[in-house]
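Worksheet for the structure shown next.
The values are calculated or read from the model by the stated rules, or taken from the named source; none is laboratory data. Here the structure is a predicted model, which means the values were calculated and not measured. Every residue, glycine as well, gets a Cβ built from its backbone with ideal geometry; the counts of neighbours run over all protein chains shown. All accessible areas refer to the heavy atoms of the entire protein, side chains included, with ligands and DNA or RNA removed. Shrake-Rupley method; radii C 1.70, N 1.55, O 1.52, S 1.80 Å.
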Amino acid sequence: MTSIKVLGRGCANCKATQKLIEAVLAARGIEAEVEKVEDLPSIVKYGVMSTPGVVVDGKVVHAGGIPTRAQVEQWFAA
Amino acid sequence: MHMQGQTISNPTPAEPAAWRAWVAPVLFVAVWVVLYSQLQRATDAFMQLLPIAADTHLYGAVSFFVFEVPKVLLLLALIVFVVGVVQTFFSPEKTRAILAGRRQGVGNAMAASLGIVTPFCSCSAVPLFIGFLTAGVPLGVTFSFLVAAPMVNEVALALLLGMFGWKIAMLYLGLGLAVAFAAGLMIGHMNPVKLVEPWVFELPAVSHAEVRPDWAARFAQGWQHVREIVLKVAPYIIAGVGVGAWIHGYVPQDFMAHLMGKGAWWSVPLAVLIGVPMYSNAAGIIPIVQALLGKGAALGTTLAFMMAVTALSFPEFMILKKVMKPRLIALFAGVVTVGIIFVGYVFNLVM
């Protein structure tokens, strides 16, 4: 199962990002675990300097700002 | 039938001509220029429709409002779009790579300038601070960045340009950079590494590969930036211009000269001290500031006030407490406050 982590400390953009990802997953019928990471050292360990960041299967795919829907769909395209 | 089906279901994998990405932005700028150049005429036509006599206070206030709101929103939309596109060239990762290992001085100047174009939000000030330090960006250089990023930003510059013209916008830009440069240099000189929470330095420096966006993606980022910022800021602008319009129409001409004029030596520090705990974005404060200026407030005092409001904020201090000892936050706030007061005085002297 795909594991997705949204990195960010509860700002509005982080919540919007998480919602968007969940919406795309639901629309495509993909089962995945979406987790919110708010703990600072953990966020920094991924090397993300601007939140929200998104990690898919341990790889940082996005940092800073809300991603576009097209971007999100690309992460799960494979 | 068969052929048609194939062309539809199997388009060449997304390679639209590169020039297509430019169509919408070019149209946007063209329409923008037309709208902006016709604004005064449209306002005059609109005001003639209203049953208000041309020499009343009410007329002054309403025409100020009707002209300023669309003007400021137009300027904001254009500048925010351009900055949104420019920012795709300057990610925090790239900025960090440029600044890593720089010496004091050159590093501070670069950090302050990069603070203008690197996307920054006070909610990610901490990860950014840690990311910079672990990658070997000196403490003082990091502070120059932290001071410049929120203070000299696109919204502030767009509004200053719209309401006061390019000279004052440039002065604000230059002085903002100067404060960020000097504050970072001074903090770097003291090098208060001990006042940073020690766990910060134990973190490994991590960087991840970045994808290079094409123009279509850059412009998309620009539009998104406009949506995010203009929508968020518009209510403040309307409220701010409203207050500004009232002051413009009803407050007597030299009213502010006593309170915020050049004559009162204490006006600069007072304006800064009032400004520090105020947490507002540039959008809410500038329209009011403009009206104050029109009523005799001194320029240096007013700009110092604005810098204090935007550069220093309590919510950001609270976030920074995670990685800095309170003494370091106090030092940071103190140095920047003194810098802003100094700038205010110099400005009042020169202008």
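Remarks
- Qualifying residue in the stretch B:49-64 (condition: within 26 Å of B:SER313 (Cα to Cα) and in a helix (DSSP H, G or I)): no
- Of everything in the stretch B:74-110 that is of a type in the set (Ser, Thr, Tyr) and in contact with a helix residue (DSSP H, G or I) (Cβ under 7 Å, 6 or more places away or on another chain), the residue that is nearest to B:VAL179 (Cα to Cα) is B:THR95.
- Among the candidates A:VAL34, A:VAL24, A:VAL44, A:VAL56, the residue that is more than 8 Å from chain B (Cβ to nearest Cβ) and either open to solvent by 30 Å² or more (accessible area, probe 1.4 Å) or free of Cβ contacts under 8 Å to residues at least 12 places away in the same chain (or both) is uniquely A:VAL34.
- When the stretch B:186-201 is filtered for residues that are touching a Lys or Arg at 6+ places or on another chain (Cβ under 9 Å), within 14 Å of another protein chain (Cβ to nearest Cβ) and of a type in the set (A, V, I, L, M, F, W, C), only B:VAL196 remains.
- In the stretch B:106-141, residue most open to solvent (accessible area, probe 1.4 Å) [restricted to those that are polar (S, T, N, Q) and more than 10 Å from chain A (Cβ to nearest Cβ)]: B:SER113
- Test for B:ALA42: is it farther than 21 Å from B:VAL243 by Cα, out of contact with any Asp or Glu (no Cβ under 7 Å at 6 or more places or on another chain) and of a type in the set (A, V, I, L, M): yes
- Conditions (1) under 15 Å from the mean Cα position of the chain (by Cα); (2) open to solvent by 30 Å² or more (accessible area, probe 1.4 Å); (3) in contact (Cβ under 8 Å) with a residue 40 or more places away in the chain: number failed by B:LEU160: (2)
- Meets criteria (touching a residue at least 40 places away in the same chain (Cβ under 8 Å), more than 13 Å from the chain's Cα centre (by Cα) and buried (at least 20 other Cβ atoms within 10 Å of the Cβ)) for B:VAL179: yes
- Checked against the criterion of being within 14 Å of chain B (Cβ to nearest Cβ), open to solvent by less than 40 Å² (accessible area, probe 1.4 Å) and of a type outside the set (Asp, Glu), the candidates A:THR2, A:THR68, A:THR17 yield just one match: A:THR17.
- Filter result for A:VAL61 (more than 12 Å from chain B (Cβ to nearest Cβ) and in contact with a Phe, Trp or Tyr (Cβ under 8 Å, 6 or more places away or on another chain)): no
- Some residue of the stretch B:207-220 being within 14 Å of chain A (Cβ to nearest Cβ), within 29 Å of A:THR68 (Cβ to Cβ), open to solvent by 50 Å² or more (accessible area, probe 1.4 Å) and in a helix (DSSP H, G or I): yes
- Among residues of the stretch B:321-335 that are under 19 Å from B:PRO127 (Cβ atoms), those with a Cβ under 7 angstrom from a residue that is of a type in the set (Lys, Arg), sequence gap 6+ or separate chain, pair up as B:ILE329/B:LYS321.
- Total residues in the stretch B:78-90, condition away from chain A (no Cβ under 14 Å) and either under 30 Å from B:MET190 (Cα atoms) or open to solvent by less than 20 Å² (accessible area, probe 1.4 Å) (or both): 1
- Lone unmet requirement of (1) surrounded by fewer than 18 Cβ atoms within 10 Å (Cβ to Cβ); (2) at pLDDT below 85; (3) part of a helix (DSSP H, G or I) for B:LYS194: (2)
- The lone criterion from (1) modelled with pLDDT under 85; (2) open to solvent by 40 Å² or more (accessible area, probe 1.4 Å); (3) hydrophobic (A, V, I, L, M, F, W, C) left unmet by B:ALA61 is number (2).
- Residues that are assigned to a loop (DSSP other than H, G, I, E, B) and closer than 17 Å to B:PRO127 by Cα were ranked within the stretch B:91-105; the one that is farthest from the other protein chains (Cβ to nearest Cβ) is B:ALA100.
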